[in-house]
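Each remark here refers to the structure printed beneath this line.
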Amino acid sequence: MKELEDRIRRDGTVKPGNVLKVDAFLNHQCDVALFDRMGAEWAELFAGRQVDKILTIEASGIGIACCAARHFGNAPVVFAKKTRSINLDGEQYVTRIYSFTKQREFPVIVAKRFLSAGEHVLLIDDFLANGKAMHGLIEICDKAGAVIEGIGIAVEKGFQCGGKELREAGYDVESLAIVNSMDASAGTIEFA
Ligand code: 5GP
């Protein structure tokens, strides 16, 4: 998606440790008009797929998933939680993932009543790096017996293994921007 690539070039910054910072429009401040066009793009890419529900993970997946849902017949959006709270009651699907940016393990929790066997689910997230977050969501869908129709990613870092592994495993992964390489010292970003 050229608009997203241009925006990353304009407002993104490359940090040491292979981290792309896009907090000016995606991870902190949110450009909802851009999110809406990203949703329209995923709707085209996943045209013909049955999407009963969109599943994402807090926090940065929530905004893009909600905007995308408008293009998938207002499918409900469920976001996996990373912390336990008294508001999270009833039976739950739980797994653990290692967070690339926070560099520690987190639980990933979805209430059983919001994900059911036979539901067709589109997974959405802001970034795909080593695929830990996606594998966590896939595990939760497998536990629930939900059917994964596809995986929509805003920014895939193609030089990390997540996208390759998921595609090899047979998942339909559609990334709106794929970064082939980036250099923190020169500040350069190359797209696929
Ligand atoms: P993975 O689980 O695929 O290794 O990493 C994806 C998750 O880590 C995403 O949910 C995202 O929040 C975060 N992440 C990974 N790489 C980056 C990055 O370069 N920039 C930002 N802002 N987040 C990232």
Hand me the GluC sites (Glu not before Pro) from region 11-85 located in a DSSP loop with no more than 14 other Cβ atoms within 10 Å, in residue order please. Glu58
With Cα coordinates, the longest principal axis of the chain makes an angle with the long axis of helix 132-144, in degrees rounded to 10, of 20 degrees
Relative to the first principal axis of the alpha-carbon coordinates of the chain, what is the inclination of helix 32-45, with its axis defined by its Cα atoms, in degrees from 0 to 90 and to the nearest 10? 70 degrees
Pairing the Cα long axis of helix 60-69 with the longest principal axis of the chain, what angle in degrees results, from 0 to 90 and rounded to the nearest 10? 70 degrees
Residues of type lysines that Lys132 reaches as a straight line, Cα spacing below 16 Å, ignoring anything fewer than 8 places off in the same chain: Lys81, Lys82, Lys102, Lys157, Lys164
Antiparallel as a % of all DSSP beta bridges within the chain, to the nearest 5? 45 percent
Label point distance in nm, Lys102-Arg10, each placed 7 Å from Cα along Cα→Cβ: 3.2 nm
Given a 10 angstrom Cα cut-off, can you work out which residue in Gly158, Gly136, Gly73 is the most mobile in a GNM of the chain? Gly73
Relative to the compact-globule scaling 2.2 N^0.38 Å, provide the ratio for the alpha-carbon radius of gyration of region 26-115. 1.18
Can you give me the % of accessible surface on region 37-192 that is carbon or sulfur? Probe 1.4 Å, all protein chains present, nothing else counted. 47 percent
How much area per residue is accessible in region 66-192 when the probe is 1.4 Å and only protein heavy atoms are counted (Å²)? 47 Å²
Length gained when the stretch Ile86-Arg113 is fully extended (0.36 nm per residue, less Cα-Cα span): 8.1 nm
Computed over the Cα atoms of region 2-186, the Rg and Dmax in Å are 15.7, 50
Can you tell me, using C-alpha contacts under 8 Å and at least 6 residues apart, the relative contact order of region 2-186 as a whole percent? 20 percent
How long are the semi-axes of the ellipsoid equivalent to region 1-48, from square roots of 5 times the Cα gyration tensor eigenvalues, in whole Å, largest first? 23, 12, 9
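The values are calculated or read from the model by the stated rules, or taken from the named source; none is laboratory data. Keep in mind the model is a prediction, meaning the values are calculated, not measured. Virtual Cβ from ideal backbone geometry, glycine too; neighbours counted across all protein chains shown. To get the accessible areas, we keep the full protein, side chains included, count just its heavy atoms, and leave off ligands, DNA and RNA. Shrake-Rupley method; radii C 1.70, N 1.55, O 1.52, S 1.80 Å.
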